[in-house]
1. State whether the residues of the range 73-84 include one that is under 13 Å from the mean Cα position of the chain (by Cα) and closer than 19 Å to T172 by Cβ.
2. Considering only the range 1-41, how many residues are at pLDDT below 70 and closer than 20 Å to E173 by Cα?
3. Working carefully through the options I177, I102, find the one that is of a type in the set (A, V, I, L, M, F, W, C) and more than 23 Å from G49 (Cα to Cα).
4. Kindly list the number of the only condition in (1) in contact with an Asp or Glu (Cβ under 9 Å, 6 or more places away or on another chain); (2) among the β-branched types (V, I, T); (3) modelled with pLDDT under 95; (4) surrounded by fewer than 20 Cβ atoms within 10 Å (Cβ to Cβ) that fails for T146.
5. Need at least 2 residues that are at pLDDT below 95 per element, so show me which strands (runs of 3 or more DSSP E) inside the range 61-122 make the cut, counting only ones lying wholly within it.
Amino acid sequence: MLPPGRILQHPSEQGHYHESAVLILLFPSEDQLYICLIRRPTTMKNHAGQIAFPGGRKEKDDKNLIFTALREAEEEIGLGRESAEILGLLSPVYVQVSDFLITPVLGWMTHNPEIRMDSGEVDEVIYISLEALLNPANLCEREKETLTGRIKVPGYEIDGNFIWGATAMMLTELAEIFEDQL
């Protein structure tokens, strides 16, 4: 899922980077597992209009990256910090174009989350089923305008939403975990 022309590189090779965390929230609904995503407003400084997980930059008072992910999910979608059971962490992803090292935090709820969206940080909440994520027919490529120009990028086309970049990379790791379990 790495866009062409980009390299997987550890941020220590760059020197300075911003630590951040996102919450990959799983929950059951109608006999399926769902994943909660958001669409970032087009007015955002970084990754405007893109589909992402709730999350953001680690603040100096955050005791760890799990706290960061939960705090950001509370700010963006109104999810109470105690609402999700934390299952673990996925592999960190370094996004060179914005200089963020993102740690995905995997969370679980036994029911649909009650969402109170912050319209300043979220344009839309999007739920995708794990079944759709695991369906190879949803893998595709699309041309996207990026900071480095127009490029063809790999991603997922699910319910009319194109998910690419770091979010698609994290979803791919999640899909691999579930494929191993099924």
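The values are calculated or read from the model by the stated rules, or taken from the named source; none is laboratory data. Here the structure is a predicted model, which is why all the values come from computation and not from measurement. All Cβ positions, even for glycine, are placed from backbone atoms using ideal geometry, and neighbour counts span all protein chains on display.
1. The answer is no, given that none of the residues of the range 73-84 is under 13 Å from the mean Cα position of the chain (by Cα) and closer than 19 Å to T172 by Cβ.
2. Summing the residues that are at pLDDT below 70 and closer than 20 Å to E173 by Cα in the range 1-41 gives 9.
3. Among I177, I102, only I177 is of a type in the set (A, V, I, L, M, F, W, C) and more than 23 Å from G49 (Cα to Cα).
4. The number of the failed condition is (1).
5. On the way: elements: 85-89, 93-95, 100-108.
In the range 61-122, 93-95, 100-108 are the strands (runs of 3 or more DSSP E) which contain 2 or more residues that are at pLDDT below 95.
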